[in-house]
Amino acid sequence: MTTHMSSQHEGYLLSCWPQALQKSKLLNSSDIAVYLNPPFPQRQSSIQILQQTFQHQNLTIHLYNHTRNDKDSDAIALTTAQTLSDYKKFTFFQSKRFAQRQRSTMNVNSIIKQSGAMDALQQASKHSWFQNYDWIIRLNPDVIIRNDTWMLDTMLNDPEASGLFIDCWQEDPEQKGHKLHTDFFALRVSDLPSDAFLKPRNQNAEMAFTMDVQTILDRNRHRWVPGAAPKSNVCRAGWKRDLGMADVTHFHHEWDLNRTCPIPFG
């Protein structure tokens, strides 16, 4: 999971994820690793939200350090983690590529979203976060698995499947090739190329990811998540689909923290 802990991500973690964990055998039996990059003042509250939501999971938090060159801020960050007695694991790091891109002319929100998605995968590959796992699943906090039946069956019973994907362009016959979602995917770790994600090949997260798993596509070892492709060329799982029907959905709206979860669970 990757999050900058926006109000929407916070709302989903507090109101939707407890239900998702209760309903999904796939989720509630999984270890949880979070690449966390909130604004510095929100660090402690963000960590506490994650610990509350995933209190019954084996939780690891990889904390992006925005202020690595600021010794005082870094000391505060380390102290914050160390004084939370129930944490299980924290790592701190800074991405030079992320810092360099912040100085570009791109919109800052776009930079954070694109870099966050790519940096999380790059760090995971570089530091072997995926080792000892058969499958890994990537989700944003506002991406919800409503029904895991097909996923579990495919992972357990289809030995030729190495990737469960959603295609941004699947519904558009005019598009050529694929552009795979990064807000959700599942990968069989043993079938990943050894250099996957180490050097992003495109500034767009979806295109960079697609290029890294191209060998899985070329060998037809991918499976499309049924009913989850967007209805238009928007890289958002279940976009414009019935929230009560899609197995995976990524629903955006202005979040009121007093609201209940907008996702219907069967």
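Among residues belonging to segment 186-206 that are more than 16 Å from W129 (Cα to Cα) and out of contact with any strand residue (DSSP E or B) (no Cβ under 9 Å at 6 or more places or on another chain), point out the one that is surrounded by the most Cβ atoms within 10 Å (Cβ to Cβ). Give the derivation first.
Going residue by residue through segment 186-206, those that are more than 16 Å from W129 (Cα to Cα) are 199-206.
Narrowing further to those that are out of contact with any strand residue (DSSP E or B) (no Cβ under 9 Å at 6 or more places or on another chain): 199-205.
Working: K199: 11, P200: 21, R201: 14, N202: 14, Q203: 15, N204: 16, A205: 23.
Here the answer is A205.
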Testing I216 on (1) at pLDDT 90 or above; (2) assigned to a loop (DSSP other than H, G, I, E, B); (3) open to solvent by less than 60 Å² (accessible area, probe 1.4 Å), one condition comes back false. Which one is that?
(2)
List every residue pair whose Cβ atoms lie under 8 Å apart, where the two residues are 6 or more positions apart in sequence or sit on different chains, the first residue falls within segment 196-225 and is closer than 15 Å to R138 by Cα, and the second residue, located anywhere, is at pLDDT 90 or above and open to solvent by 60 Å² or more (accessible area, probe 1.4 Å).
V225/W150
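So which of Q8, Q55 is modelled with pLDDT under 90 and surrounded by fewer than 20 Cβ atoms within 10 Å (Cβ to Cβ)? Quick ask: steps written out before the conclusion?
Details: Q55 fails: modelled with pLDDT under 90.
None of the others qualify; the one that does is Q8.
The values are calculated or read from the model by the stated rules, or taken from the named source; none is laboratory data. Worth saying up front: this structure is predicted, and the values here are computed from it rather than measured. No Cβ is skipped: glycine too gets one built from the backbone with ideal geometry, and neighbour counts run over all protein chains shown. Accessible surface is based on the protein model in full, side chains and every heavy atom, while ligands, DNA and RNA are left aside. Shrake-Rupley method; radii C 1.70, N 1.55, O 1.52, S 1.80 Å.
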